[in-house]
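Just so you know, all these numbers are worked out from the coordinates, no wet-lab data involved. Everything numeric here is computed off the predicted structure, so don't read it as measured data. Methodologically, a virtual Cβ is constructed for each residue, glycine included, from the backbone with ideal geometry; neighbour enumeration extends over all protein chains shown.
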Amino acid sequence: MADRSGVWAIGDSAAIPQGDGRLAPPTAQAAVQEGRVAARNVLAAIDEEDELEEFEYRHLGQLVELGSRFAVNDIMGVRFSGFSAALFWRAVYLSKLESPQNRARVAADWILGLLFRPAATQIRDLV
């Protein structure tokens, strides 16, 4: 926007217009794509470049986990569900985590969840 030069907004609660006039969907997938474009535009502004990149959202698919052993996925038009979809969902989730330590902790928690029943360790009053 020409009337808001030097101001950028990103995230799943930001209204980001696209070239066709529609707003990008309020999803993490869009927010990640917005962040990359915003970062390049901030660098371009710092370098005093005239041309900024327009944001164009690319829908890659949807992943929905419905419990630890079932998911429904739509990846670039290919739909699948069940346990294999749940494993795929978890693989994508792990790949999105930045820290190897976080990946290891989450993976270990999932593996332990498959081997052992969950235990109620703490119940809090809601009062």
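Under 1.5 on a/c is rounded, so check that first for the chain, then, if it is not, pick prolate when a/b is larger than b/c and oblate when it is not; a ≥ b ≥ c are the square roots of the alpha carbon gyration tensor eigenvalues. Here the chain falls in the prolate category. For segment 39-111, GluC sites (Glu not before Pro) meeting the loop criterion (DSSP other than H, G, I, E, B) and having at most 16 other Cβ atoms within 10 Å: 48, 49, 51, 53, 54, 56, 98.
Residues 69, 90, arranged from fewest to most other Cβ atoms within 10 angstrom of their Cβ, appear as 69, 90. Going from the residue with the fewest nearby Cβ atoms within 10 Å to the one with the most, 87, 115, 52 rank 115, 87, 52.
A cut-off under 12 angstrom between Cβ atoms defines the neighbours of residue 26, and their net charge, with Lys, Arg +1 and Asp, Glu -1, is -2.
Listed by Cβ neighbour count within 10 Å, with the fewest neighbours leading, 93, 57 appear as 93, 57.
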